[in-house]
Structure formats: C-alpha cells, structure tokens
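The values are calculated or read from the model by the stated rules, or taken from the named source; none is laboratory data. All of these numbers come straight from a predicted model, not from anything done at the bench. Neighbour counts run over all protein chains shown; Cβ positions are idealised from the backbone, glycine included.
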Amino acid sequence: MAIQLQGLVEELGRAGYPCVPVKTVSELDGKLPGTRQECDDTAVKVLTATRDIVGAVIDRDGLPIVLGGDHSISIGSISGALRARAEGLAVLWIDAHMDLNTPSTTPSGNMHGMPLAVLSGLKAGSRSASAGATEAWIEAVYAVWPRLEEIVGPRRLRGDRLAWVGLREVDSGEVENLSQLPGALAVTMQDIDVRRLPDLVSDIHHWLVASGATDLWVSFDVDSLDPVFAPGTGTAVRGGLSYREGHLLAELLAQRVLDPKNPYRLIGVDLVEVNPLRDRENETARMAVEWLCSLLGKTIMKAEA
Ligand SMILES: [Mn+2]
C-alpha cells in the first residue's frame, strides 16, 4: 500500500504501462495472523494465490509486478513464472542477502531467507541446532517447508539461470548451498566496487545468453540499496548501492530487456521488503516506484509518452 500511495499506478500509466491493481494480501486472506502457525497458514494461502495470479497474468501477455512486504512472496511469484515459462526462465535477485537458506542452514528460521533455496529445489536437510532461532521456530520451518515445495511444484529454477547483485551479508550455510547450484552467478558489493556496474551488467547479459534464457524475472529487494537511501526495510545492511548506482543498474537492465533484438525479455518484477513503519517520509516506497520506472525504460532525456 505504501508503494501504491507513492503513485505507482499513475507513474506506470505515464510511462506507457497501463496498470490494473489485482489483489492485496488482505483480499487474498482477510485475517491478520497471530501465531507462527497462523502466519505460515496465511503465507501458504497468499503464496499459492500469488503463484496462480502471476501465471495467469503471464499467460495473458501481461507483466506482473509483485509488491511486498516479505521477500518470501517470491516463492509464489517465481513459481507462477516457472509454471508459465519454465523452459527459459532466469532470475536476477538484487539483494544484500542471498535468501538461499534451507531449514538446516537458516540462522533465523525466517521464511524470507529461504525463497531461492526452495525455488531451486534444495533439500530441507537434517535437523540441526541453529544459533539464532528457537527450537519451536525451527520446528515450524521444517513443518512449512514441504508446503512451500508443493507450491513450487516439479519445475525448479536452474542454477545457471540464477544471479545475484548487491550481496554483502551472506551466511556460511548459504555459501555451502551455493555449491549445489553450478553455474549460478553471485555479484557482491566488492565486485561492484572493483569492476563497476556497466561491465558487470554486460557479464550478466552474456551469462544469460549463454544459458539460453528467454525470460528474465527481476526480484528487487530494497535492502540492496544503502540504508541512507532506503531506510524503510527490515534487515538493512550498510555498504549498499547508492541512489545513482541503483538507478544505473535499472537503466542498464532496461537497455537490454527493452531491445527488441535481445534474446530474453522481462517477464515480471518483485518489488519487496518495503517496511513503511521503518521508513523516513516514505522515501523508500518512493525509491521503489522510481526504480521500477527506470527498469521499465524511464530515462532522463526521454519525453513522456
Ligand atoms: Mn531479500
């Protein structure tokens, strides 16, 4: 809602993308959950609905834009894209975190740290004590994991079709999990410092072409940006993308995906982890809207349609 209040629908319309708001989470499941069990039940319902809506929008040649909220929403959105475009789907995960934990590696027990693990078919693993999570929390994670696997279904994301940009807080278990995904491409903040974004986006492009990708899902976590520019998020980490780097990344990606000769196109976008309760004068929600407009082709010198 915070993102929509910053004029998302109006700005997309001005950029040439007439936009139909589909559903809010409370419309998908009216009740506010209390216990972990209720939260997980709500999550499973909302993720299943998100998967089906995203699949239907892609089938109608629409461009689904999924707003969050918790990054676990991508379990639903990308499952929908996998159902519609499994053969050629690639995912670009722009985030400070890998979100590649399984129940056996998660330090927190939070579902928002696991979407890429379940989407790429990693196994839950055997039960072990986790430093940061309580026993009950870990038990809940093992209980919900098979339900998440069921949402994703038999089609899984390929390792050589998965890239990250902006990483700076990665758990050791996630590094181990990454070794199960040969061909995946992880671009850290250090890579960005040393090699700069134009070269790195060019690398990502050639990697996508080499993998035979035809469709690109972009999952943008606002915590990829430095908390100076995006304070309104749950797990802020210092040392992120600047405001201009964030936009440059979107603009460089737009140059590729909007080129009709490009072999892969943009199939959908997540815009997630905006937390208005932590925001400062809605600047993070505003940034999310501006970022999406850049990804969809808004440039400094282009006249409005
Ligand atoms: Mn994330």
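Just checking, how many residues over segment 264-305 are within 16 Å of the ligand (Cβ to nearest atom) and either in a helix (DSSP H, G or I) or aromatic (Phe, Trp, Tyr) (or both)?
Residues flagged as within 16 Å of the ligand (Cβ to nearest atom) and either in a helix (DSSP H, G or I) or aromatic (Phe, Trp, Tyr) (or both) within segment 264-305 amount to 5.
For segment 1-53, enumerate the residues that are of a type in the set (Asp, Glu), farther than 19 Å from Met111 by Cα and surrounded by fewer than 16 Cβ atoms within 10 Å (Cβ to Cβ).
Correct list: Glu10, Glu27, Asp52.
Can you find, within segment 65-83, the residue that is farthest from the ligand (Cβ to nearest atom) among those that are within 11 Å of Leu271 (Cα to Cα) and part of a loop (DSSP other than H, G, I, E, B)?
That would be Gly69.
Looking at Leu148, Leu178, Leu157, can you tell me which residue is of a type outside the set (D, E, K, R), touching a Ser or Thr at 6+ places or on another chain (Cβ under 6 Å) and more than 19 Å from Ala250 (Cα to Cα)?
Just a single option satisfies the conditions, and that option is Leu157.
In segment 151-158, is there at least one residue being part of a loop (DSSP other than H, G, I, E, B), more than 16 Å from the ligand (Cβ to nearest atom) and within 22 Å of Val272 (Cα to Cα)?
Among the residues of segment 151-158, at least one is part of a loop (DSSP other than H, G, I, E, B), more than 16 Å from the ligand (Cβ to nearest atom) and within 22 Å of Val272 (Cα to Cα), which makes the answer yes.
What number of residues in segment 208-232 are surrounded by fewer than 24 Cβ atoms within 10 Å (Cβ to Cβ) and under 20 Å from Pro276 (Cα atoms)?
5
Could you grab me the full set of residues in segment 1-50 that are part of a helix (DSSP H, G or I), within 20 Å of Asn282 (Cβ to Cβ) and either of a type in the set (Val, Ile, Thr) or touching a residue at least 60 places away in the same chain (Cβ under 8 Å) (or both)?
Once the filter is applied, which keeps residues that are part of a helix (DSSP H, G or I), within 20 Å of Asn282 (Cβ to Cβ) and either of a type in the set (Val, Ile, Thr) or touching a residue at least 60 places away in the same chain (Cβ under 8 Å) (or both), segment 1-50 yields Ala2, Ile3, Gln4, Leu5, Leu8, Val9, Glu11, Leu12, Arg14, Val25.
Consider Ala213 against the criteria (1) out of contact with any Phe, Trp or Tyr (no Cβ under 7 Å at 6 or more places or on another chain); (2) part of a loop (DSSP other than H, G, I, E, B); (3) not aromatic (Phe, Trp, Tyr): it satisfies all of them except one. Which criterion is unmet?
The failed condition is (1).
Of the numbered conditions (1) in contact with a helix residue (DSSP H, G or I) (Cβ under 6 Å, 6 or more places away or on another chain); (2) surrounded by 24 or more Cβ atoms within 10 Å (Cβ to Cβ); (3) under 30 Å from Gly239 (Cβ atoms), Gly109 fails exactly one; give the number of that condition.
Status for Gly109: all satisfied but (2).
Just give me the residues in segment 84-120 being touching an Asp or Glu at 6+ places or on another chain (Cβ under 9 Å), outside any loop (DSSP other than H, G, I, E, B) and within 13 Å of the ligand (Cβ to nearest atom), in sequence order.
Trp93, Ile94, Met111, His112, Gly113, Pro115, Leu116, Ala117
Please verify whether Leu253 is outside any loop (DSSP other than H, G, I, E, B), within 16 Å of the ligand (Cβ to nearest atom) and crowded, with 17+ Cβ neighbours inside 10 Å, treating the condition exactly as stated.
no
Name the residue that is modelled with the lowest pLDDT, counting only residues in segment 121-150 that are part of a helix (DSSP H, G or I) and crowded, with 19+ Cβ neighbours inside 10 Å.
In this case the residue turns out to be Ile138.
Residue check: is Asp226 within 16 Å of the ligand (Cβ to nearest atom), farther than 24 Å from Met114 by Cβ and of a type outside the set (A, V, I, L, M, F, W, C)?
yes
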